[in-house]
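What follows is one structure encoded as C-alpha cells, with my remarks underneath.
The values are calculated or read from the model by the stated rules, or taken from the named source; none is laboratory data. Keep in mind it's a predicted model, so treat the numbers as computed, not measured. Because the Cβ atoms are built from the backbone with ideal geometry, glycine has one as well, and the counts that use them run over all protein chains shown. Accessible surface is based on the protein model in full, side chains and every heavy atom, while ligands, DNA and RNA are left aside. Shrake-Rupley method; radii C 1.70, N 1.55, O 1.52, S 1.80 Å.
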Amino acid sequence: MSGLSAENLGLKSVAKVYHNLSYDELFQHENANKEGSVADSGTMMVDTGTFTGRSPKDKYFVEQSPSQEHIAWGKINKPVSAEIFDELYDDVIDYLSGKDLYVTDGYAGASADTQKSVRFITEFAWQSHFVKNMFIRPETSDLPDFAPDFRVYNASNLSNEKWEKHGLNSEVFVIFNIEKNIAIIGGTWYGGEMKKGIFTMMNYWLPLNGILSMHCSANVGKDGEVALFFGLSGTGKTTLSTDAERELIGDDEHGWDDSGVFNFEGGCYAKTIDLAQESEPEIYGAIKRDALLENVVANAEGVVDYTDKSKTENTRVSYPIEHIDNHRKSLQAGLPKNIIFLSCDAFGVLPPVSKLSKEQAMYYFLSGYTAKVAGTERGITEPVTAFSACFGEAFLPLHPTVYAELLGKKMQEHGVNAYLVNTGWVGGGYGVGKRMSIKGTRACINGILDGSINDSEFEVVPFFQLSTPKTLAGVDSELLNPRNAWADKDSYDATAEKLAAMFIENFKKYTDSNDGFDYTQAGPQL
Ligand code: ATP
Ligand code: MN
C-alpha cells in the first residue's frame, strides 16, 4: 500500500493501491488472487489469458507534432488520431478508477544519461511481478522520489467495442502518446506488450539523441571484450548470451553510446519450450522463486513439462538478471569488439558461421533475416521467411536506415568485426536436415570470441558469397560448408537460389537509400 492518490495516478478514484510490492508480497497476492500456481521449484506459474504473445497489429502511435515528423508510418507504426486516443484514454481511466491496482516503478536504461523512469499501472499482481522482473529495479531508498517520465496504463479486461468506428484493427489496443508520455493498453493481458512497448519508446528517444538502440543480447568476456548478438525471436539471443564463461549484460535490448553498451532491462525473458538442464543449465537454474513462468504445463505435483506446447509454443519465464550468477552488476560494459547476427535458417542454406565484410554486415543487418517452420498440422513443412530490418523492425518507430547508419558508423569508428551465425538447420532444410546443436553453435561463437576462427582457412559458399571457415574446434567440419553438408547438392543449389532470390526481392526497398553505397553488391547474387 502507498500514499499514491487517485490524482497522483491520474485516476478519478482508487480502492487499494499496491505500490512497489516486494517479491514476497507479490507471491502472496498471486496466491491469494488465484492468479497462478506454484511449480515444484517454488516458481509462480501463470497463464497470460487469451493472448500468449504480442498483438503487433493493434499497436498505434498518436499522430501529432512533433513526433509525427520522425515516425516511419506504415504497417508497423500505424497512426491514430488524438481524438480517438483521448476517447480511449478516458475509457481506460474510467475502467481503472475505483479498482484495486498494482503500481510498479522501474527504470529503462542502465546508463544514467538516458535512463527513463516508467510507472506501470496494472490490474493483476503477476503483471506487476513481470515488470518488476523485466525493468531495472530502483533502490528502495530511491522509491520515495520516483518521478515517472512515462506511464503505462494497462486495462487488460477492457476491450474497445467501438474499434470498427475508430478504424482500428480489433478490440485490442496498444497506443503510444509520445507527447503526453503515456501508453494505454486494453484487451490483452500479455506482459510482453509492456516490455516491448517501452523498448519501442527507447528506440524512439535514443536515436534522436544520436545514441544507437538495438534488439540484441550482450555479454562480456574476462578480457573485457564485449559481444553483441542480434536476431529475431527464437534465433538464440537469450540462449547464447547466457554463457558460464562470460558475464551477461542483457538478453534482449541494449543501447550503445560513446562509453559503450548498456542494458535497457533488469531481467531476462527466456523461451522455455523444450528447455533442458543439460544444454541450458544457467537458464534452467534461473527458474526459481521470484521468477515467473508463463503458459507452461505442470502436473499436480508442480513438475513442469517443458515439452508441452498445448497452451502455446511461446512458453516463457521472466527472471531478474541476478538469477544468472555470472551477470554484469552494472548492466554496462565498454565498446563491442564482435557483433554476431543470428538467423535460424530453416532452409538449411546459410553456413553455421561466416565472417562478414563491413558491407555485408550492413546488408545482413538491414535484411534482418530468419525463417520459421510453418505449422505442421496439414503436413506443411515449407519454412516461412521473415525479413525484419535491424532484426527488430516491429519495435522501430523511426526508419530502419536511421539505426543502420548509426550502427555502420560505430562499427567503422571502432573497427568492430561482424559475423553471421545460423542457429537453424544444417545438412538439409527442415524435414531433411536437423537443427544445429546448441553445443555446435556455441563452438562457432567461441571460435569468434577467442579469435581462433581467424586461424582457419576460409572458403566462399555459392550464391551468398559468404566466407566460411573450413575447420573450427568443436564443430564437425562437414557441417561448416552447407553445400558439403547436404547429401543432395542439386537440391542445395535450388534451395539456395530460391532463398537468394527472396533476399534480393526483400532488399529492393533499400536500393535507393542515399548513403552512397549500393549494398546489394554485398548481398546474394544469382
Ligand atoms: P526472443 O527475441 O523471442 O526472446 P531469442 O532470440 O532470445 O528470442 P531464444 O530464447 O534464445 O531466442 O530461443 C532460442 C531457442 O532455440 C531456444 O528455445 C533454444 O533452446 C533453441 N535452440 C535450439 N538449437 C539452438 C541453437 N543451435 N542455438 C541457439 N538456440 C537453439
Ligand atoms: Mn530472448
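Can you list which of the GluC sites (Glu not before Pro) found in region 285-382 are DSSP loop residues with at most 13 other C-beta atoms within 10 Å? Write down the numbers at each step before the final one.
Details: sites: 294, 301, 313, 322, 359, 377; in loops: 301, 313, 377.
Hits after loop and neighbour filter: 301, 377.
In Å and on Cα atoms, what radius of gyration and Dmax does region 280-361 show?
18.1, 55
Taking only protein heavy atoms and a 1.4 Å probe, what accessible area per residue, in Å², does region 134-253 have with all protein chains in place?
Working: 3740 Å² over 120 residues.
Using a 1.4 Å probe on heavy atoms only, each residue of region 134-253 averages 31 Å².
Just to be sure I understand the model, the point goes 7 Å from the Cα along the line to the Cβ. What's the resulting residue 164 to residue 501 distance in nm?
Label at residue 164, label at residue 501, 4.1 nm between them.
Within the accessible area of the chain, what % is carbon and sulfur when the probe is 1.4 Å and the other protein chains stay in place? Write out the running numbers ahead of the final one.
Values: 9830 of 20700 Å².
On the chain, the fraction of accessible area on carbon and sulfur atoms equals 47 percent.
For residue 310 and residue 438 in the same chain, what is the full-extension length gain: residue separation times 0.36 nm, less their Cα-Cα distance, in nm? Let's see the in-between values first.
Working: separation 128, 0.36 × 128 = 46.08 nm, distance 2.44 nm.
Fully extending the segment from residue 310 to residue 438 adds 43.6 nm.
Go ahead and run the numbers for FRET between residue 25 and residue 490, Cβ-Cβ distance against an R0 of 60 Å, rounding to 0.05. The partial results should precede the final answer.
Details: r = 63 Å, r/R0 = 1.06.
It comes to 0.40.
I'd like the orientation of helix 438-449 relative to the chain: the angle between its Cα long axis and the longest Cα principal axis, in ° from 0 to 90, rounded to 10.
Roughly 80 degrees between the two axes.
With both bridge residues required to lie in the chain, what share of the DSSP beta bridges run antiparallel, to the nearest 5%? Kindly include the intermediate steps, with their values, before the conclusion.
Working: 60 of 94 bridges.
Bridges in the chain that DSSP calls antiparallel: roughly 65 percent.
Given the convex hull of the Cα atoms of region 181-340, what is a quarter of its surface area in nm²?
Numbers: hull surface 42.8 nm².
With every direction weighted equally, the projected area is 10.7 nm².
Express the accessible area of region 363-501 per residue in Å², computed with a 1.4 Å probe while the remaining protein chains stay in the model.
Details: 5940 Å² over 139 residues.
Dividing the accessible area of region 363-501 by its residue count gives 43 Å².
Quick one: net charge around residue 78, please, counting Lys, Arg +1 and Asp, Glu -1 for every other residue with C-beta under 12 Å from its C-beta.
Numbers: positive: 57, 59, 75; negative: 58, 63.
Spelling it out: positives minus negatives among the neighbours equals +1.
How are the alpha carbon pair distances in region 394-526 distributed across 10 Å bins from zero to the largest one, expressed in percent?
P(r) for region 394-526, in whole percents per bin: 10, 33, 35, 21, 1.
Note the full-extension length gain between residue 414 and residue 288 as 0.36 nm times their separation in residues minus their Cα-Cα distance, in nm to one decimal.
Values: separation 126, 0.36 × 126 = 45.36 nm, distance 3.98 nm.
Full extension from residue 414 to residue 288 adds 41.4 nm.
Roughly speaking, what % of Cα-Cα pairs in region 265-311 are separated by over 15 Å, rounded to a whole number? Write down the numbers at each step before the final one.
Numbers: 503 of 1081 pairs.
The proportion of pairs with Cα distances above 15 Å equals 47 percent.
Quick one: order 362, 502 from most to least accessible surface, probe 1.4 Å. Let's see the in-between values first.
Values: 362 15, 502 60 Å².
My answer, sorted largest first, is 502, 362.
With everything on Cα atoms, drop me the angle between helix 125-134 and the longest principal axis of the chain, reported from 0 to 90° to the nearest 10.
Approximately 40 degrees, to the nearest ten.
What's the whole-number percent of alpha carbon pairs in region 108-161 lying beyond 13 angstrom? List each step's numbers first, then the result.
Working: 956 of 1431 pairs.
Considering region 108-161, 67 percent of its Cα-Cα pairs are separated by more than 13 Å.
Just reorder 464, 27 by solvent-accessible area, largest first, 1.4 Å probe, all chains present.
Values: 464 5, 27 35 Å².
If we order 464, 27 from most to least accessible, we get 27, 464.
What is the packing order of peptides 161-167, 135-141, 149-155, taking the mean over residues of other C-beta atoms within 10 Å and listing the highest first? Could the numbers behind the result be given before it?
Values: 161-167: 12.9, 135-141: 15.3, 149-155: 22.0.
Per-residue Cβ counts within 10 Å, averaged per peptide and sorted highest first, yield 149-155, 135-141, 161-167.
Compare the peptides 208-215, 94-101 by average per-residue count of other Cβ atoms within 10 angstrom and give them in order, highest first. Don't skip to the answer; put the middle values down first.
Values: 208-215: 19.1, 94-101: 16.9.
Highest mean packing first, the order is 208-215, 94-101.
So how compact is the chain: Cα radius of gyration and Dmax in angstrom?
Gyration radius and largest Cα-Cα distance of the chain: 22.9, 71 Å.
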